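Undergrad: Structure below; questions to follow.
The values are calculated or read from the model by the stated rules, or taken from the named source; none is laboratory data. Quick caveat: nothing in here was measured; it's all calculated off a predicted structure. We place every Cβ from the backbone using ideal geometry, glycine too, and count neighbours over all the protein chains shown.
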Amino acid sequence: MMCKTVLALVLLVVGAVQAAAQPAPAWSADIKDVRHVAGLLPGAKPLRINVLKFAESRRTKNFSIKGAPKDPSIQARTAFQVVYRDGTIMIDSGMDLQVHKFFGRGVEEPYFPDQAKEVERAVRAARMIVMTHEHGDHVAGVIRTPQFAELAGKTILTRTQIHTLMTEPQMPEIKLTAEQAQRFIVIDYDKYYPIAPGMALIKSPGHTPGSQMVYIALESGKEYVLAGDVAWHMDGVRTVTGKDAPWIVEDEPAIQGELTFLNGLMRNEKNVTVVLSHDEEQRLDYIKQKALGDHFE
Ligand SMILES: [Zn+2]
C-alpha cells in the first residue's frame, strides 16, 4: 500500500517536472479551428475586402521591428471594409484630426481629410463595425462623432475592449463613460468567435488587452487574416520579431506566439493573405495584386 502511494507520488512529481520543462505557449491558434468557426453562421460569404489609408505616421523601421536599421518608413493608418452582397462590415473606424495629432507627439504628420471623410461615410453606411483593438487610430471613429449613438448601436466590442476604454484608454479623448459603454454590443469569448458568414474573430491580446485578429473567407475561396497591430511591418512576421517602441507596452510572449502563427500561415497556407493595419508597402502591394480594393464602396 505504502509502496503504491510512494510510486504515485513519484509519478506525480515526474509529471510536474515534465510539464514545467515544456511550458504551454503563451498564445497559439489553429487555422483549421478558425476556418471551422468562421463557417458556423449560415449565409453567403463576402465578395471582397477594401482598404483605405486616411493618415500616416513617419517612424523609422527600428520601432516596428526590434534590431532593424533606422531606415525611414511610412506607417499607414487604415480601415477595412468587408463587402457582402447585402451590406458591408467595417473592421476599425478611423479617427479624427485631433486624435491623429496625439500620435504625432508635436510633429505634424500627414492626415488626408478626403479619405477620412470616406471612412466616416463607410462607417455610417456599414451594417456592423468590429475593432481589431482599442487604440485611438482604430476606435475613435465611432467614439468621437456626433453620430455616436447610431454607430455604437451597431459596433461590437469585446468585454476587454470596453474595459480598457473605460479604465485605461490610450488617450483621454477616447475614454468611455459607463453610460456610453452601455450603447455598444458587447461580447466575450475565449479563442474564436463567429461574427458573420465566413468571418471569425481570433482573440489575440498582446498589443492591447482587447486585441483580436479577423479571419475572413471570401465567396471566391480566398482567405485573409487581418492581424491589426500584432506587427506593424511584415518583416516582423517574416522574422518573428516584435516591436521596439518605448511608447507602447506589449505582452511579448503572446506577441511571439501570434507572430509565429502568422509566419506559419505565410509559409504553409498559400491561400491565406495576412494583412497588417499599418504596413504601407504591403498595402500598395496588395492593391496592385488586387488582393485588396483601394476605395470604399
Ligand atoms: Zn494601430
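Undergrad: Taking VAL119, is it touching a helix residue (DSSP H, G or I) at 6+ places or on another chain (Cβ under 7 Å), of a type outside the set (Lys, Arg) and either outside any helix (DSSP H, G or I) or within 15 Å of the ligand (Cβ to nearest atom) (or both)?
TA: Spelling it out, VAL119 is indeed touching a helix residue (DSSP H, G or I) at 6+ places or on another chain (Cβ under 7 Å), of a type outside the set (Lys, Arg) and either outside any helix (DSSP H, G or I) or within 15 Å of the ligand (Cβ to nearest atom) (or both).
Undergrad: Only one of (1) under 16 Å from HIS278 (Cα atoms); (2) buried (at least 21 other Cβ atoms within 10 Å of the Cβ) fails for ILE216. Which number is that?
TA: (1)
Undergrad: Got a sec? Which of ASP114, ASP86, ASP71 is away from the ligand (no atom under 15 Å from the Cβ), over 14 Å from ASN50 (Cα atoms) and in contact with a helix residue (DSSP H, G or I) (Cβ under 6 Å, 6 or more places away or on another chain)?
TA: One residue alone meets the criteria, ASP71.
Undergrad: Quick one: would you say PRO25 is surrounded by 12 or more Cβ atoms within 10 Å (Cβ to Cβ) and modelled with pLDDT under 95?
TA: The answer is yes for PRO25.
Undergrad: Looking at segment 48-80, which of the residues that are more than 25 Å from ALA116 (Cβ to Cβ) and either touching a residue at least 40 places away in the same chain (Cβ under 8 Å) or among the aromatic types (Phe, Trp, Tyr) (or both) is surrounded by the fewest Cβ atoms within 10 Å (Cβ to Cβ)?
TA: The qualifying residue surrounded by the fewest Cβ atoms within 10 Å (Cβ to Cβ) is GLY67.
Undergrad: What number of residues within segment 123-138 satisfy the criterion of being part of a helix (DSSP H, G or I), touching a Gly at 6+ places or on another chain (Cβ under 9 Å) and either touching a residue at least 60 places away in the same chain (Cβ under 8 Å) or not small (Gly, Ala, Ser) (or both)?
TA: The total comes to 3.
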